[in-house]
Amino acid sequence: MYHFSVATQQYLDAKIYFSGFGWFPNEPTNAVAEAFFVRHRGSDTNWVRNFVPRPANSADSPPGIDSYTIRDGTITLKINKTVKRYNVQFSSDRENWVNVATKQTAASWKGALPAGSVGFFQVVQP
């Protein structure tokens, strides 16, 4: 896995996972909205990273993504639901957003990864 450095506009040295041994030189940590690149993850890889970007159940907070899971071409978003309904949006450039699901009410959402596999998800109030 490679982290992207905003300061240098380059990917940093790789962090490698060895089955049965763990990460080398150490486990990667990703901040919310931090770019990274995974090379040759394999079809049996299930990598989960949890985020808590805002206090849970805050009445004045918009809906948000607390965690995501990617497996076999499917993404699952765990939603910090502070509203009754939300829309799931996808963008390849963080400027032009397209609804991929509307008027959702569940605490999680699952869908296919869009073609190209480089992009961003967000949840918004309808």
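The values are calculated or read from the model by the stated rules, or taken from the named source; none is laboratory data. For clarity, every value in this text was computed on a predicted model and none was experimentally measured.
Within segment 80-103, restricting attention to residues that are of a type in the set (A, V, I, L, M, F, W, C) and modelled with pLDDT of 90 or more, the residue that is nearest to Val118 (Cα to Cα) is Phe90. Within segment 26-37, can one find any residue that is of a type in the set (Gly, Ala, Ser), modelled with pLDDT of 75 or more and either in a loop (DSSP other than H, G, I, E, B) or in the same structural domain as Gln122 (by TED's automatic domain parsing) (or both)? No, the conditions are met nowhere in segment 26-37.
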